[in-house]
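I have placed the structure first, in the form of structure tokens, so that the comments after it can refer back to it.
The values are calculated or read from the model by the stated rules, or taken from the named source; none is laboratory data. As the structure is a prediction and not an experimental result, all values here were calculated from the model. Methodologically, a virtual Cβ is constructed for each residue, glycine included, from the backbone with ideal geometry; neighbour enumeration extends over all protein chains shown. Calculation scope for accessible area: heavy atoms of the full protein, side chains included, ligands and nucleic acids excluded. Shrake-Rupley method; radii C 1.70, N 1.55, O 1.52, S 1.80 Å.
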Amino acid sequence: MALPPPDPQFVLRGTSAAVHTLHFSCGGPEPDIPLLFSGSENGFIHVWNLKTHRVDTALDGHGRKSVYCVQTMGGKDRLLSQGRDQRICLWDLAEGRTSVTDSVFTEHVGFCRCSLLKVAQGRWLMAMAARSLEEVQILELPSKTSVCTLKPEVGAKLGMPMCLKLWQLNCGSQPVLLAGYEDGSVVLWNVSMGKALSQLICHQEPVMSLDFDSEKAKGISGSSEKVLSIWSLNEQQNLQVYKTHELVNAGISDITIRPDKKILATAGWDHRIRIFGWKKLKPLAVLDYHTATVHCVSFSDHSNPRERLLAAGSKDQRISVWSIYAQT
Amino acid sequence: VCFIPGGLDCSISFVSHVLGKVCVHGRQKEILGVLVPCLTDVTKSDCIWQRICWRLVECVPDRWMEAVVLGFVQRAPGADVLSRLLGNLVVKNKKAQFVVTQKMLLLQYGHTTAVLQNLLGYLSLESLRHTLLLRVLQELLETWSSSSAVKHSPVEQQLYISKAILICLSHLKEPEIESYRQELLTSMMEGVKCHLDSSLPQLRRLGMVVAESISLKINTEGPVLKFEYEEDNETRELKSLLVQTPPFCVVPSLPDDDRSEEAGAALPLVPESNEKPHTAAAVTPDEESDAELDSDDDLVPYDMSEDKELKIKAPVYIRDCIEVLAGSRSEDVDKWEATVKALESLVRKNPAATREVSVELAKILLHLEEKTCIEGFVELRQRAQVAVLTTDPIPVAKYLTSQFYSLNYSLRQRMDILDVLVLAAQELSCPKFRGKTKHSGAQKPCIQLLPGSDSSKDWRRVVDERIKSKTRRFDMGQSRVELASCPNEFNSVAGHFFFPLIQHFDRPLTTFDLLGEDHLVLGRLVHTLAVLMYLAVNTVAVTAMGKALLEFVWALRFHTDSYVRQGLLSCISSLLLSVPTERILADMTEELLETQSWLGDVMEKDPDGDCRRLALQNLLLMENLKKKLEAVPS
């Protein structure tokens with residue numbers, strides 16, 4: 001007899017706007033407070049204190065335009081946020097400060113979240129959609145120098161890049177980018193050489209979100225249709241479809257794999273969060289709490305596995321936080 | 001009749017005279033039935049025989065030439081044979097030319113397509129005659145594009161002319177098309193305009209097919225004109241005329257060119273197939289090596305039985321529906337869709353609640369536009385409107401009929417009003433049977449739910465069925481009493497549906513002039529009135545309606561649009577069927593007599609075949625009425 005799905009451990013209210021992006025920062029040693037960063041449609045970034053379940057700080061740096069991506073850069077003191085005001089802002093949050101130290105004007109009017117990769121101490125690569133329709137630009141942070149621009153070949157008709165993921169096999173190896181495009185294909189780019197290594201049509205509709213497990217060389221992508229597509233990368237750096245999984249309702253906004261690579265979570269347009277086992281994509285749970293589209297899901301980076309959490313932000317302005325499969 | 005070829009110089013004029021006289025006396029079939037096959041055979045390869053044949057027909061006196069030529073054209077098995085038999089007769093003989101190029105094409109229209117093919121093929125086969133073909137085409141196009149011809153000539157004639165045009169087009173050569181292109185284009189534009197203006201769907205389709213064909217001919221590269229219409233046997237036949245099957249004798253390879261040109265134009269641009277470097281090769285997941293099997297097993301799934309398809313709930317109260325539909329919040333399209341789908345059943349289940357807000361709901365529905373792409377949106381809206389109208393007939397009918405004559409509605413909306421009124425009237429006037437629903441031999445008029453120009457056919461069919469079953473109808477009246485009877489709901493509201501519609505038809509508004517340009521709507525209005533009249537049988541108001549309708553018909557009886565005239569005749573039929581006989585004779589005798597003479601006129605002289613048929617049926621009905629009266633002992 002299967003147990004009914006669990007209820008959220010707690011629910012964060014107070015954003016007064018749809019929540020588009022979430023990021024945990026709980027890895028710091030005690031007495032650091034575990035934090036959750038959320039970006040909302042009203043342009044605010046809220047810093048939630050996960051002990052008191054209240055907002056510690058609200059950051060306003062995007063001119064009241066929707067914030068659709070927040071990430072930390074090596075700890076909770078440095079934050080990167082991306083908004084619909086076509087800017088990427090770098091924040092300094094140490095010692096109670098709330099100032100924007102730098103910003104990048106992307107001229108990108110879409111919704112493609114940028115992707116960060118730490119390549120060396122204090123040096124990051126950031127992939128972002130550029131001004132030109134089909135291009136992805138790689139910048140080095142904090143110097144903001146352009147590393148390369150990834151242009152699909154003429155006539156490829158990929159459409160806008162919808163989601164990006166920069167990764168490298170291990171420190172020191174070549175960084176590679178996985179990009180999902182509007183026409184439903186996922187392209188593997190070699191960043192240093194600036195050319196595409198492999199392309200795979202995963203969906204008939206735009207790829208909404210993707211995530212990749214570099215250890216198993218397997219990735220998953222979700223789209224506006226009913227199918228989740230799992231693909232793998234073989235030795236020749238070629239993408240192949242591994243498996244597809246059909247969902248009950250169409251539309252996935254976000255997919256994320258837990259850092260221990262055991263489970264993954266999807267945020268659905270049907271207001272539900274689904275949990276799958278990563279190994280064989282076994283459906284594990286359907287979390288039905290929200291009353292509108294779930295925009296984002298994020299796993300926490302707690303060092304103690306038992307404290308791990310899953311957070312989901314939705315259009316109904318709530319952030320639900322769950323503790324699920326934390327014991328394994 | 002056999003000829004012995006000799007080396008003799010013989011005069012065949014005697015034979016020509018005989019031939020001519022026989023043909024003109026109407027014996028073409030007999031003599032040509034023997035002569036033509038005989039001549040076909042002998043002229044196949046023998047030039048002398050060909051010349052003899054030509055001499056034969058040339059010598060026929062003028063006064064008999066027409067009969068002979070007509071007979072030959074009708075009887076020849078193909079254009080090439082005709083060419084062998086007649087030679088250049090049309091060029092040499094004025095009478096023959098007149099018959100072939102004018103009389104058979106423009107003045108007569110009873111010949112079959114095969115005859116047309118023969119005739120026009122014959123004209124095209126030789127260069128001397130080819131100029132005649134061009135002239136013929138010019139004249140045909142003139143007729144086709146003249147608006148008075150489209151309005152006043154019978155449909156059969158127009159079909160004939162269209163066929164002739166298409167066959168001519170198929171025989172045209174490239175250089176001729178080049179030189180003639182501008183005129184073709186002009187005629188096409190004018191002709192298409194007149195045809196699309198017509199109220200009869202068949203004429204519209206004819207115009208579209210011919211225009212498409214002309215456009216195909218003159219624009220071999222680049223976009224061609226393409227209309228949207230339903231294909232049926234007639235259109236397919238017409239289109240097949242454009243492509244000539246090449247006869248086996250020497251003929252310019254024009255037909256082949258035609259076909260390859262068309263094929264070339266029709267080849268779709270091969271879309272740039274997104275040649276991906278590596279297409280998706282689905283690698284079936286082999287069973288993972290055992291080492292990996294275990295770790296997933298300790299993740300126990302939760303109960304997922306609640307995970308079903310997401311359904312948007314439609315509102316449950318009528319007032320909520322009104323809010324959703326009329327509201328300006330355009331975000332919640334899912335809810336809007338669900339509301340539209342659920343509205344009809346909600347209205348029917350909550351008549352009391354509907355009655356409170358009926359006029360408002362009717363207003364919203366009349367102006368409701370499609371916000372998202374729902375299947376069958378038009379039908380859903382119409383059914384909801386009918387439901388509202390039947391639930392609260394009088395105020396909603398008042399509203400709808402007043403809106404029919406108001407400013408600033410589109411023609412589509414006005415015709416929707418008419419459709420809704422008819423459907424609701426039908427629903428109200430049909431008794432709702434409880435238990436057995438068997439009608440003994442009764443033919444329920446099945447007006448289809450979908451609006452469209454074909455409703456007119458249904459209504460006509462309705463009236464026709466009625467006329468056919470009219471004797472049975474009186475039987476049905478009695479058997480109706482045996483079944484469970486219930487009050488005729490249409491009785492109390494028939495007048496409210498009918499009289500407002502008939503009131504203002506002669507008052508033009510700035511955007512709506514029934515007697516002027518909007519004759520399509522007038523036609524629909526007249527048909528609507530006919531149906532309402534028919535459905536008003538057994539109501540109290542039927543006599544008053546009959547009188548008003550008769551006056552209305554009388555005022556419009558000479559309308560130029562044949563669709564309107566058909567409607568008027570249907571009105572008369574409905575009237576004769578619905579108004580009780582005694583009342584007809586008591587109140588409407590003089591008008592009926594006048595109507596009778598008008599009907600006689602229509603039956604003889606109206607160019608439209610359907611009008612004539614309807615007039616005849618009306619006269620029969622009147623005859624039957626009279627007979628019945630005489631049968632009743634006074």
At R0 = 56 Å, FRET efficiency that the Cβ-Cβ distance of B:C430 and B:E183 yields, to 0.05
0.50
The percentage of the accessible area of chain A (probe 1.4 Å, all protein chains present) made up of carbon and sulfur atoms, to the nearest whole number, is 49 percent
In short, segment B:299-322 residues buried by 20 Å² or more of accessible area relative to the isolated chain (1.4 Å probe) are B:L299, B:P301, B:Y302, B:D303, B:M304, B:D307, B:K308, B:E309, B:L310
What full-extension length gain, to one decimal in nm, is calculated for B:Q108 and B:E370 as 0.36 nm per residue of separation minus the Cα-Cα distance?
89.4 nm
What accessible surface, in Å², does a 1.4 Å probe find on B:R75, ignoring ligands, DNA and RNA and rounding to the nearest 10?
80 Å²
For the protein assembly as shown: accessible area per residue (Å², 1.4 Å)
47 Å²
Quick one: Cα centre-to-centre distance for segment B:166-227 and segment B:44-92, in angstrom?
33 Å
Lysines with Cα under 25 Å of B:K29, excluding same-chain neighbours fewer than 8 positions away:
B:K21, B:K44, B:K94, B:K95, B:K103
Counting only residues 5 or more places away or on other chains, whose amide H sits under 5 Å from the amide H of A:T57 once H atoms are built in the peptide plane?
A:V47
Amide H contacts under 5 Å for A:S209, restricted to residues at least 5 apart in sequence or on another chain and with H modeled in the peptide plane, are A:G222
Rg/Rh of segment A:283-328 (Cα atoms, Kirkwood Rh), to two decimals, equals 1.00
Paired Rg and Dmax values of segment B:114-244, which use every Cα atom, in angstrom:
13.9, 41
Just name one of A:A156, A:I257, B:S170: the one whose Cα is farthest towards the positive end of the charge dipole of the protein assembly as shown (beta-carbon charges, Lys/Arg +1, Asp/Glu -1).
B:S170
Relative contact order %, chain A, counting alpha carbon pairs below 8 Å whose residues are six or more apart:
14 percent
So what's the gap between the Cα centers of segment A:169-189 and segment B:300-324, to the nearest angstrom?
39 Å
Could you pull out every one of the lysines with an alpha carbon less than 24 Å from that of B:K398, ignoring same-chain neighbours closer than 8 positions?
B:K349, B:K363, B:K547
Listed residue (B:S16, B:L107, B:V73) projecting farthest to the positive dipole end of segment B:1-108, Cβ model
B:L107
Using a Förster distance of 60 Å, the FRET efficiency for B:S345-A:Q236 (Cβ separation, nearest 0.05):
0.50
Provide Rg and Dmax in Å for segment B:71-131, with only Cα atoms included in the calculation.
10.5, 28
Cα-based Kirkwood hydrodynamic radius, segment B:488-631, one decimal, Å
15.5 Å
Give me the orientation-averaged projected area of the Cα convex hull of chain A, in nm², one decimal.
15.8 nm²
How large is ³J(HN,Hα) for each residue in segment A:318-324, as worked out from phi by the Karplus curve 6.51 cos²θ - 1.76 cosθ + 1.60 (θ = phi - 60°), to whole Hz, x for Gly and Pro?
10, 10, 9, 10, 10, 10, 9
Unit charges on C-beta of K, R, D, E only; dipole of segment B:488-631, Debye
320 debye
GluC sites (Glu not before Pro) in segment A:193-272 lying in a DSSP loop, each with at most 11 other Cβ atoms within 10 Å of its Cβ, come to A:E215, A:E235
Picking from A:H20, A:H245, A:H203, which is most flexible by a Gaussian network model of chain A using Cα springs under 10 Å?
A:H245
Two decimals is fine: what is log10 I(q)/I(0) at q = 0.26, 0.27 Å⁻¹ for segment B:318-391, from a Debye sum with one equal scatterer on every Cα and no solvent?
-1.33, -1.43
Between A:T101 and residues 5 or more places away or on another chain, which pairs have amide H atoms under 5 Å apart, with H built 1.01 Å from N, and which residues are they?
A:L90, A:W91, A:D92
Taking only the Cα positions of the protein assembly as shown, the convex hull volume per residue in Å³ is 272 Å³
Show me, for segment B:39-49, the HN-Hα J-couplings you get by feeding each phi into the Karplus relation (A = 6.51, B = -1.76, C = 1.60, θ = phi - 60°), rounded to Hz, glycine and proline as x.
5, 4, 4, 6, 7, 4, 10, 9, 5, 4, 4
I'd like the Karplus ³J(HN,Hα) series for segment B:575-591: coefficients 6.51, -1.76, 1.60, θ = phi - 60°, whole numbers in Hz, and an x wherever there's a Gly or Pro.
4, 5, 7, 8, 6, x, 4, 4, 5, 4, 6, 6, 9, 10, 4, 5, 4
Heavy atoms only, 1.4 Å probe, whole protein assembly: order A:K243, B:K627 by accessible area, highest first.
B:K627, A:K243
Shielded by partner chains, segment A:192-225 residues - at least 40 Å² of accessible area, 1.4 Å probe, vs chain alone:
A:Q199, A:I201
State the extension gain, in nm to one decimal, for the chain segment bounded by A:V100 and A:S224, taking 0.36 nm per residue of separation less the distance between their alpha-carbons.
41.2 nm
If one takes the accessible area of chain A alone plus chain B alone and subtracts that of the pair, with a 1.4 Å probe, what total in Å², rounded to the nearest 100, results?
2900 Å²
Convex hull around the C-alpha positions of segment A:106-246: the volume in Å³ per residue is 100 Å³
Longer than 22 Å from Cα to Cα, which of A:K226/A:K282; B:K151/B:K226; A:K51/A:K262 are they? Say none if no pair is.
B:K151/B:K226; A:K51/A:K262
Which of B:T390, B:S345, B:G376, positive extreme of dipole for segment B:318-391 (C-beta unit charges):
B:T390
Would you mind calculating the relative contact order of segment A:162-277 from Cα pairs under 8 angstrom and at least 6 residues apart, reporting the percent as a whole number?
17 percent
What distance in nm separates the two pseudo spin-label positions at B:R613 and A:E135, each 7 Å out from Cα along the beta-carbon direction?
7.0 nm
